[in-house]
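Colleague: The structure that follows is given in the form of structure tokens.
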Amino acid sequence: MKITILYDNNANPGLKSGWGFSCLVDSRQKILFDTGDNGEKLMYNFEKLNIDPKSVDKVVLSHNHWDHVDGLEGFQRFNSKAKVVHPKAFSQTTEISPGIYSTGALGMLPKEQSLVAKAEKGNVVITGCAHPGLDKILQVAKKLGQVYAVLGGFHGFSKLDELEGIQLIGPCHCTQHKQQIKDKYPDEFVEIKVGSVVEI
């Protein structure tokens with residue numbers, strides 16, 4: 001499984017950053033998770049990273065905030081066939097692709113779904129903003145098996161002990177306590193920005 005970061009507040013040289021998040025999960029199917037806040041920047045990063053937008057099978061939107069959905073229209077100019085999975089599509093954990101699950105809509109408002117992808121080393125949890133609470137998202141993910149990795153926006157999550165035992169931790173986008181997470185888990189911490197690739 002390969003996860004490529006296509007949109008984030010920070011970017012590697014030659015790529016464009018913006019407020020928001022998007023990544024491509026490349027497993028048995030290719031799933032675009034969120035689309036950032038700007039379709040032009042998103043598609044620029046697609047091109048620079050040599051990823052064909054037409055190869056995407058599904059688009060999963062974590063929640064309906066502008067910084068996660070406003071790039072969708074720009075993406076759909078290049079790929080109008082990819083099925084869009086909206087945040088409220090499922091009320092419970094549901095397999096949306098072979099080995100890849102939506103947590104279902106969690107929290108109050110905004111309702112938000114995260115991805116749980118099964119890999120040989122354990123489950124990989126990918127969050128948009130983690131508005132429902134990263135601890136609650138992890139509780140749902142653990143019902144599917146041991147969590148190996150978690151990455152994405154962690155928002156104001158501060159219960160850092162909940163990350164104990166997770167071997168790869170990649171906070172980005174809206175994470176407020178990134179430095180504290182890095183200090184507590186220096187060996188597990190992975191820097192995430194546009195152009196980052198996580199292979200599991």
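Colleague: Starting from residues that are touching a strand residue (DSSP E or B) at 6+ places or on another chain (Cβ under 8 Å) and touching a residue at least 40 places away in the same chain (Cβ under 8 Å), keep the ones in segment 69-95 and report whichever is surrounded by the fewest Cβ atoms within 10 Å (Cβ to Cβ). Break it down into steps so the answer makes sense when it comes.
Modeller: The initial filter retains those residues of segment 69-95 that are touching a strand residue (DSSP E or B) at 6+ places or on another chain (Cβ under 8 Å), namely 71-72, 75, 82-85, 87, 89-90, 93-95.
In the following step, the residues that additionally are touching a residue at least 40 places away in the same chain (Cβ under 8 Å) were identified as 71, 75, 82, 93.
Working: Gly71: 29, Phe75: 23, Ala82: 21, Thr93: 16.
Top of the filtered list is Thr93.
Colleague: Restricting attention to segment 19-48, report how many residues are buried (at least 22 other Cβ atoms within 10 Å of the Cβ), free of Cβ contacts under 8 Å to residues at least 60 places away in the same chain and small (Gly, Ala, Ser).
Modeller: 2
Colleague: Given the residues Tyr185, Tyr148, which is the only one that is aromatic (Phe, Trp, Tyr) and either touching a Phe, Trp or Tyr at 6+ places or on another chain (Cβ under 7 Å) or in contact (Cβ under 8 Å) with a residue 40 or more places away in the chain (or both)?
Modeller: Step by step, each of Tyr185, Tyr148 is checked, and only Tyr148 is aromatic (Phe, Trp, Tyr) and either touching a Phe, Trp or Tyr at 6+ places or on another chain (Cβ under 7 Å) or in contact (Cβ under 8 Å) with a residue 40 or more places away in the chain (or both).
Colleague: Between Tyr44, Tyr7, which is in contact with a helix residue (DSSP H, G or I) (Cβ under 6 Å, 6 or more places away or on another chain) and hydroxyl-bearing (Ser, Thr, Tyr)?
Modeller: Tyr7
Colleague: Inside segment 170-189, can you point out the residues that are within 19 Å of Asp34 (Cβ to Cβ) and surrounded by 15 or more Cβ atoms within 10 Å (Cβ to Cβ)?
Modeller: At the first step, the residues of segment 170-189 found to be within 19 Å of Asp34 (Cβ to Cβ) are 170-176, 178.
Within segment 170-189, Gly170, Pro171, Cys172, His173, Cys174, Thr175, Lys178 meet the criteria.
Colleague: Separate question: Of a type outside the set (Val, Ile, Thr) and surrounded by fewer than 19 Cβ atoms within 10 Å (Cβ to Cβ) - does that describe any residue in segment 123-131? Lay out the reasoning, then the answer.
Modeller: Taking segment 123-131 as the starting set, the residues that turn out to be of a type outside the set (Val, Ile, Thr) are 123, 128-131.
When the remaining residues are screened for being surrounded by fewer than 19 Cβ atoms within 10 Å (Cβ to Cβ), the result is none.
So far as segment 123-131 goes, no, none of its residues is of a type outside the set (Val, Ile, Thr) and surrounded by fewer than 19 Cβ atoms within 10 Å (Cβ to Cβ).
Colleague: Within segment 1-89, which helices (runs of 4 or more DSSP H) (wholly inside it) include 2 or more residues that are more than 27 Å from Pro132 (Cα to Cα) and either more than 16 Å from the chain's Cα centre (by Cα) or at pLDDT 95 or above (or both)?
Modeller: Working: elements: 39-48, 66-69, 72-76.
Per the criteria, 39-48, 72-76.
Colleague: Only one of these conditions is not met by Lys118: (1) under 18 Å from Tyr7 (Cβ atoms); (2) surrounded by fewer than 20 Cβ atoms within 10 Å (Cβ to Cβ). Which number is it?
Modeller: For Lys118, the exception is condition (1).
Colleague: Still on this structure, I have one more. Report, ordered by the first and then the second residue, all pairs with beta carbons closer than 6 Å, sequence separation of six or more or different chains, a first member in segment 162-173 that is more than 10 Å from Tyr185 (Cβ to Cβ), and a second member that is among the polar types (S, T, N, Q) and not in a strand (DSSP E or B).
Modeller: His173/Asn9
Colleague: How about segment 179-200: which of its residues are among the charged types (D, E, K, R) and within 17 Å of Asn12 (Cβ to Cβ)?
Modeller: Result: Glu191, Lys193, Glu199.
Colleague: Right, next: Give the residue, chosen from Val150, Val197, that is surrounded by 19 or more Cβ atoms within 10 Å (Cβ to Cβ) and within 18 Å of the chain's Cα centre (by Cα).
Modeller: The match here is Val150.
Colleague: How many residues are in contact with a Gly (Cβ under 7 Å, 6 or more places away or on another chain), in a loop (DSSP other than H, G, I, E, B) and more than 18 Å from Thr35 (Cα to Cα) if we restrict to segment 98-155?
Modeller: Residues in segment 98-155 being in contact with a Gly (Cβ under 7 Å, 6 or more places away or on another chain), in a loop (DSSP other than H, G, I, E, B) and more than 18 Å from Thr35 (Cα to Cα): 3 in total.
The values are calculated or read from the model by the stated rules, or taken from the named source; none is laboratory data. Treat the numbers as computed from the prediction; the structure is a model and nothing was measured. All Cβ positions, even for glycine, are placed from backbone atoms using ideal geometry, and neighbour counts span all protein chains on display.
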